[in-house]
1. Looking at segment 206-222, which of its residues are modelled with pLDDT under 70 and out of contact with any helix residue (DSSP H, G or I) (no Cβ under 6 Å at 6 or more places or on another chain)?
2. Would you check if Glu312 is modelled with pLDDT of 90 or more and either touching a strand residue (DSSP E or B) at 6+ places or on another chain (Cβ under 8 Å) or polar (S, T, N, Q) (or both)?
3. Scan segment 53-65 and tell me whether some residue there is touching a strand residue (DSSP E or B) at 6+ places or on another chain (Cβ under 7 Å), in contact (Cβ under 8 Å) with a residue 60 or more places away in the chain and farther than 14 Å from Leu27 by Cα.
4. Pull up segment 288-309, narrow it to residues that are assigned to a strand (DSSP E or B) and surrounded by fewer than 17 Cβ atoms within 10 Å (Cβ to Cβ), then point me to the one that is modelled with the lowest pLDDT.
5. Suppose we keep only residues that are without any contact (Cβ under 8 Å) to a residue 12 or more places away in the chain and of a type in the set (A, V, I, L, M) within segment 66-86. Which one would you say is farthest from Ser6 (Cα to Cα)?
6. Any residue at all in segment 27-37 that's surrounded by 16 or more Cβ atoms within 10 Å (Cβ to Cβ) and in a strand (DSSP E or B)?
7. Checking Ala55 against (1) at pLDDT below 85; (2) out of contact with any Ser or Thr (no Cβ under 7 Å at 6 or more places or on another chain); (3) more than 28 Å from His208 (Cα to Cα); (4) small (Gly, Ala, Ser), which single condition isn't satisfied?
Amino acid sequence: MTMFSSWPHPRPEPPPIPETPSLKALLLCPTEPQEHFNRVRDFIWQEGTYVCKLAGITFKRVRIMDVRYPGIITQQIWDEISYSDIIFLDLSGLNPNVLIELGVASAWRSPFDVVSIFNESIHLLRISSHRNKYPHEIFDVAQLRHFRYDFSTEHGVNEFMATIRTAFFSVLGSVPREWPSVEVQPQPIDWGAGQALPRTIEAPPRCHFNLNDSGLSFGAPYYWPASYVRLTRSKLRNCVLETRFRFKPVKDSSGNLVFSDDWVGIKVRASNTFADYGHLVYVRPNGKVVRVTIPVIRRPGQNTWHDKVLMELGRIDDQHDWITLKVESTDRGFIVSVAKNEETLRQIEEIPTDDEMVEFEGYPLIQTHQTRALLKKVYFESKDLPPEV
């Protein structure tokens with residue numbers, strides 16, 4: 001088999017993760033009309049530069065027709081489809097080359113990494129009347145979400161820029177796509193007979209989630225304030241969950257905070273993974289440790305939830321202070337334990353009242369809101385028997 005081929009097989013191996021964090025974008029589009037597609041390129045590169053500047057990483061970009069280094073063109077296309085972090089394909093006019101490239105990208109890449117766009121005016125200009133089909137009318141292509149854009153008005157341009165910006169923010173959470181191995185995995189109890197809880201940490205798609213030698217960094221992207229890491233897919237009742245973390249506030253290129261209502265916490269009660277304030281014990285940067293309760297029986301006029309400050313640790317320095325937060329179920333409720341740096345864990349026991357439930361029940365989560373966290377330690381175990389399969 002020749003090393004250079006117009007057939008995209010085998011898939012090129014991705015290069016090693018660069019030491020300097022970066023995001024690489026690839027634009028695949030027709031060549032004509034040149035002025036139009038140059039404008040598309042410029043808008044995409046502008047948004048990519050802005051997003052990467054906010055994130056403090058290097059922005060790399062490639063449009064194949066702009067490549068000036070020697071080589072086999074088709075092989076360069078396959079390499080870039082394999083190597084790039086996000087791929088934009090302009091389907092205006094249903095250009096055969098772009099459609100082939102879409103097929104290769106669809107086979108190799110996650111749908112979150114591929115962004116399909118098209119312009120109706122260019123589409124009608126480039127395609128003959130008897131083949132006047134839009135991308136969403138073609139069976140094999142219709143399942144992909146297509147973003148229609150229009151540069152004829154300022155509103156259309158702004159809408160296109162917002163779409164591209166969101167796409168870049170979305171892909172930031174999975175860059176780099178492969179993570180070095182470090183010891184930040186949960187410690188599950190062994191059920192015996194070779195059965196144990198999964199030894200993995202999961203984060204929702206499109207949320208910041210990065211693993212390096214310092215620990216597991218996760219939390220809010222710039223466009224969506226809430227995030228979590230999940231320790232098991234099983235719904236459990238009596239658990240112990242402990243984590244040691246440091247705040248990593250989200251800042252713009254000038255060093256200003258992007259969010260202000262930030263906290264890191266452990267979910268102690270919920271029926272699903274989309275838990276919010278009412279299911280948490282959390283810590284704020286001002287050092288307040290807060291528990292928020294959702295009453296099981298809500299009286300007329302009663303708020304959906306209310307919070308209670310359990311203890312105060314003093315203001316937290318996000319550059320130096322490590323926080324240990326632990327939640328453990330008991331027969332009467334649960335115990336919250338907190339410490340700053342090397343202090344001994346301080347405990348407060350919460351006793352259930354007549355109209356609320358406080359047991360640790362649901363999907364164990366570590367959550368952030370309007371911030372990021374660097375997890376140095378995660379310990380988890382369940383006191384329950386394994387759920388029936």
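The values are calculated or read from the model by the stated rules, or taken from the named source; none is laboratory data. As the structure is a prediction and not an experimental result, all values here were calculated from the model. Here the Cβ is made from the backbone with ideal geometry for all residues, glycine too, and neighbour counts use every protein chain on show.
1. Correct list: Cys207, Leu211, Asn212, Asp213.
2. The answer is yes for Glu312.
3. Yes, because at least one residue in segment 53-65 is touching a strand residue (DSSP E or B) at 6+ places or on another chain (Cβ under 7 Å), in contact (Cβ under 8 Å) with a residue 60 or more places away in the chain and farther than 14 Å from Leu27 by Cα.
4. Going through the qualifying residues, I end up with His306.
5. Val67
6. Yes: one or more hits.
7. Only one criterion in (1) at pLDDT below 85; (2) out of contact with any Ser or Thr (no Cβ under 7 Å at 6 or more places or on another chain); (3) more than 28 Å from His208 (Cα to Cα); (4) small (Gly, Ala, Ser) is unmet by Ala55, namely (3).
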